[in-house]
Amino acid sequence: MSRLAFGPFTIDLRASALSKDGALTPLSPKLVQVLACLAEARGALVSRDLLFERFWPGLTVTDNTLTRAIADIRKALDDDPAAPRYVQTMARRGYR
């Protein structure tokens, strides 16, 4: 599978690119990969630990790093954390 689609968005896994209705949406390749991980989980919880291990392996990063990454993803998706359509925070556990 080289593409994931949800709503008006498509993730091109090979290019690590996000598009909305066919137009590229600015998001760094790493954050596209984080978003793809969440999309592949299809609504299941993805733990913070798993995200840290997979995308920042061997690095000492703070929780703020992941929080900022999710905020940037939400901005690209025009997703409101108070009424999420795409990325929901599960307090202190992870995201789905």
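The values are calculated or read from the model by the stated rules, or taken from the named source; none is laboratory data. Please read these numbers as outputs of a predicted model, since none were measured by experiment. Every residue, glycine as well, gets a Cβ built from its backbone with ideal geometry; the counts of neighbours run over all protein chains shown. Each accessible area value is taken on the protein alone, full model and side chains, heavy atoms only, with ligands, DNA and RNA left out. Shrake-Rupley method; radii C 1.70, N 1.55, O 1.52, S 1.80 Å.
What to note about this one:
- Residues being part of a loop (DSSP other than H, G, I, E, B) and either open to solvent by 70 Å² or more (accessible area, probe 1.4 Å) or free of Cβ contacts under 8 Å to residues at least 24 places away in the same chain (or both) - total across segment 29-46: 2
- In segment 1-20, the residues that are within 10 Å of residue 36 (Cα to Cα) and free of Cβ contacts under 8 Å to residues at least 12 places away in the same chain form Cβ pairs under 7 Å with partners that are surrounded by 16 or more Cβ atoms within 10 Å (Cβ to Cβ) and of a type in the set (Val, Ile, Thr), at six or more places apart or across chains, as follows: 3/10; 3/11.
- Scanning segment 1-35 for residues that are out of contact with any helix residue (DSSP H, G or I) (no Cβ under 9 Å at 6 or more places or on another chain) and among the charged types (D, E, K, R) yields 3, 14, 21.
- When segment 22-63 is limited to residues that are farther than 15 Å from residue 9 by Cβ and hydroxyl-bearing (Ser, Thr, Tyr), the one that is nearest to the chain's Cα centre (by Cα) turns out to be 28.
- Pairs, first on the phi > 0 side of the Ramachandran plot and modelled with pLDDT under 95 in segment 72-93, second among the aromatic types (Phe, Trp, Tyr) and part of a loop (DSSP other than H, G, I, E, B), C-beta under 8 Å, six or more apart: none
- Here residue 66 fits the description: of a type outside the set (S, T, N, Q) and surrounded by 14 or more Cβ atoms within 10 Å (Cβ to Cβ).
- Qualifying residue in segment 68-89 (condition: small (Gly, Ala, Ser), under 16 Å from residue 34 (Cα atoms), within 13 Å of the chain's Cα centre (by Cα) and not in a helix (DSSP H, G or I)): no
- Output for segment 73-96, where each listed residue is loosely packed, with under 12 Cβ neighbours inside 10 Å and aliphatic (A, V, I, L, M): 82, 83, 91
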